1. Determine which member of the set B:G63, B:G81, B:G30 is more than 15 Å from A:I401 (Cβ to Cβ) and touching a residue at least 40 places away in the same chain (Cβ under 8 Å).
2. Which condition does A:L437 not pass, out of (1) within 7 Å of chain B (Cβ to nearest Cβ); (2) part of a helix (DSSP H, G or I), if it passes all the others?
3. Could you look through the stretch A:146-200, keep only residues that are under 25 Å from the mean Cα position of the chain (by Cα) and assigned to a loop (DSSP other than H, G, I, E, B), and pick out the one that is surrounded by the most Cβ atoms within 10 Å (Cβ to Cβ)?
4. What number of residues within the stretch A:179-228 satisfy the criterion of being hydrophobic (A, V, I, L, M, F, W, C) and in contact with a Ser or Thr (Cβ under 9 Å, 6 or more places away or on another chain)?
5. Looking at the stretch A:388-428 only, could you name the residues that are small (G, A, S) and either at positive phi or surrounded by 21 or more Cβ atoms within 10 Å (Cβ to Cβ) (or both)?
6. Before we move on, is A:A136 more than 14 Å from chain B (Cβ to nearest Cβ), crowded, with 24+ Cβ neighbours inside 10 Å and either out of contact with any Asp or Glu (no Cβ under 8 Å at 6 or more places or on another chain) or among the hydrophobic types (A, V, I, L, M, F, W, C) (or both)?
7. Return yes when A:L379 is part of a helix (DSSP H, G or I), away from chain B (no Cβ under 14 Å) and without any contact (Cβ under 8 Å) to a residue 60 or more places away in the chain and no when it is not.
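The values are calculated or read from the model by the stated rules, or taken from the named source; none is laboratory data. Keep in mind it's a predicted model, so treat the numbers as computed, not measured. All Cβ positions, even for glycine, are placed from backbone atoms using ideal geometry, and neighbour counts span all protein chains on display.
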Amino acid sequence: MELFDNLLLGLSTALQWNNLFYCLIGVVIGTAIGVLPGIGPIPTVALLLPFTFGLAPASALIMLAGIFYGAQYGGSTTAILVNVPGETSSVVTCLDGHEMAKQGRAGPALAIAAISSFFAGTVATVVIAVLSLPLAALALKFTAVEYFSLLVLGLFAAVILAHGSVSKSLAMVFLGLLIGTVGIDVNSGVARMTFGVPALADGLDFVPVAMGLFGLAEIIANLERPAVRQVVSQKLRDLIPSRADLKAAFPAMLRGTFIGSALGVLPGGGAALPPFTAYALEKKLAKDPSRFGKGAIEGVAGPEAANNAGAQTSFIPLLTLGIPANALMALMIGALMMQGIQPGPQVMTEQPELVWGVIASMWTGNLMLLIINLPLVGLWVSMLKIPYRLLFPAIVLFCCIGTYGISNSAFNVWLMLGCAVVGYFFIKVGVEPAPLLLGLVLGPQLEENFRRAMQLSDGDPSVFVTRPISALLLAIVAIMLLAMLSPAVLKTRKRALAE
Amino acid sequence: MTRRRFDWPDLAFGAFLIAVAAGTLVATRGLNGGTAADMGPGYMPRAIALILLAFGLFFAGRGLLRGPVGIEPVQLRPILGVGVAVGVFALLIENAGLALASFAAILIAAAASRESRFFEVIVFGLAVTAGAVLLFIKALALPVSIWPW
């Protein structure tokens with residue numbers, strides 16, 4: 001029973017007092033930023049990265065992971081009470097959740113959202129534990145050739161399944177790869193595109209890039225829009241859902257968990273896609289679809305379970321293969337590298353306490369979230385009373401201090417400023433910045449494996465299609481790209497992402 | 001408006017990519033490209049730059065042919081406020097200490113929003129500065145001086 005041994009090992013790490021403490025910090029911060037619209041988990045994780053440097057690797061990852069899934073809980077609170085999604089993943093929760101609140105059933109809606117999230121989180125933790133071992137074992141057989149193909153598959157799939165135009169996202173991946181080549185070339189020791197700046201010798205730090213592109217650019221764009229007045233529409237009474245509510249919600253919860261776990265594992269998965277899919281499925285399965293949008297409890301339970309399960313299972317490619325499924329996981333890779341751990345399949349065997357500790361901490365974290373969210377919901381709601389005009393200067397300041405703190409260099413602050421301007425440009429021309437971050441983080445690995453593979457094959461590129469695993473991976477990429485060209489698939493994708 | 005004949009977002013993104021690709025090709029011209037079997041430091045940057053160039057030409061061309069799609073007008077106040085705040089922070093942090101740099105950044109950033117109120121921002125700025133000093137220097141031990149002296 002290797003699985004149980006591993007989970008026990010994980011629990012013994014996750015239950016250490018200091019790790020419980022960092023997990024608590026993570027989920028509290030996560031809930032806070034989830035509740036607040038206008039600041040998401042990506043800039044928050046980027047902001048806290050420099051300060052995890054002094055922590056043990058497991059504590060650092062446990063805290064950062066807590067922020068991510070904690071944000072899913074917080075996001076639904078805002079969605080239900082104020083009809084504003086705190087996070088993109090809780091957009092669908094607005095539909096029926098806020099409708100329930102309007103009918104005076106905010107309490108049960110919040111409770112069902114939290115219970116669904118907790119249930120999904122618990123199941124997803126087991127899913128991660130079960131899937132991780134075989135995947136990592138498979139990945140250990142990979143050579144540079146297969147690893148290169150896997151990275152290509154990861155990048156392409158992330159682009160295709162995520163939001164936005166595929167061609168523009170692909171261009172952004174390559175842009176990220178290009179930025180990733182800045183710095184001293186490891187093989188020859190020659191400085192590339194550093195323009196004589198010594199701070200660039202080690203390459204561009206991705207923290208200032210992420211904070212500029214996601215944090216600051218987003219603030220600038222938010223300020224251009226007229227401010228939204230947020231009114232909490234309901235007094236909160238009786239949080240406990242009725243037996244009928246639970247009975248109606250349970251099957252939806254199960255289906256949502258399944259969908260979220262499956263979609264979360266895919267590259268490009270994460271917390272955004274699953275809730276939409278789950279909502280569509282619930283609507284299709286319902287005896288009376290017209291109830292949806294008018295406060296159907298299944299419309300809260302399904303998507304909430306799905307986004308939480310997706311948020312957690314998107315850790316699987318990261319923990320087993322060292323491949324980030326989305327921009328946030330790319331930051332996690334960064335956190336590992338800052339700790340001196342090269343991400344990849346070997347992490348699982350070399351650092352079992354780290355991997356299993358993080359997995360087990362997701363369960364303890366979910367339990368904490370259930371406790372800090374339900375009884376304390378009033379506290380979180382009062383956070384919404386902080387006006388954006390006060391919030392954003394503080395975020396700007398924290399971004400500055402955080403970037404400065406990575407290596408105590410003002411250069412990184414300037415770099416962040418440059419990225420903010422570029423990020424603002426991307427928002428203006430309607431391009432998603434997330435693929436760039438993936439390219440930037442994976443770029444060095446991609447180049448390294450490509451060069452090694454080409455060296456092994458004496459410069460013959462056919463090696464990528466003659467080896468079976470590599471050929472299979474690349475074939476999947478080709479099929480996905482071809483499918484994207486077909487108008488029928490294109491239409492479905494547009495509808496699925498727009499719904 | 002005659003300016004709206006093109007798909008401006010595509011055109012601008014295409015032009016941006018072409019500029020980046022061209023800049024890369026210029027910046028890497030001194031690097032050894034090597035061969036596919038034994039790549040030099042210039043191989044990957046140049047290969048990626050060429051791909052970006054192709055993307056750039058594609059978007060620029062599509063932007064010229066399609067349309068009309070406009071870009072929402074740029075408002076100067078937010079981008080200047082946030083931009084200058086970050087710039088001033090970068091200039092002040094090393095010599096003037098965290099307290100002054102933070103306070104200045106908050107004040108300038110607040111100017112980015114039309115809704116900011118003068119006295120509220122002063123009080124809030126002082127509070128956040130004090131909080132930042134406590135959190136980052138006292139608790140997280142960031143090696144920065146608090147004051148310029």
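1. B:G63
2. Failing condition for A:L437: (1).
3. Result: A:T181.
4. So in the stretch A:179-228, the residues hydrophobic (A, V, I, L, M, F, W, C) come out as A:179, A:182, A:184, A:186, A:190-191, A:193, A:195, A:197, A:199-201, A:204, A:206-207, A:209-211, A:213-214, A:216-217, A:219-221, A:223, A:227-228.
Going one step further and asking which of them are in contact with a Ser or Thr (Cβ under 9 Å, 6 or more places away or on another chain), we end up with A:182, A:184, A:193, A:199-201, A:207, A:211, A:223, A:227.
Matching residues across the stretch A:179-228 total 10.
5. In the first step, residues of the stretch A:388-428 are kept if they are small (G, A, S); the result is A:394, A:402, A:405, A:407, A:409-410, A:418, A:420, A:423.
A:A394, A:G402, A:G405, A:A420, A:G423 - these are the residues of the stretch A:388-428 that are small (G, A, S) and either at positive phi or surrounded by 21 or more Cβ atoms within 10 Å (Cβ to Cβ) (or both).
6. Taking the combined requirement at face value, the residue does not satisfy it.
7. Values: part of a helix (DSSP H, G or I): yes; away from chain B (no Cβ under 14 Å): yes; without any contact (Cβ under 8 Å) to a residue 60 or more places away in the chain: yes.
Taking the combined requirement at face value, the residue satisfies it.
Conditions (1) within 22 Å of the chain's Cα centre (by Cα); (2) part of a helix (DSSP H, G or I); (3) more than 30 Å from A:T349 (Cβ to Cβ), marked per residue:
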| site | (1), (2), (3) |
| --- | --- |
| A:A32 | yes, yes, yes |
| A:P37 | yes, no, yes |
| A:S59 | yes, yes, no |
| A:A71 | yes, yes, yes |
| A:G74 | yes, yes, yes |
| A:T93 | yes, yes, yes |
| A:D96 | no, yes, yes |
| A:M100 | no, yes, yes |
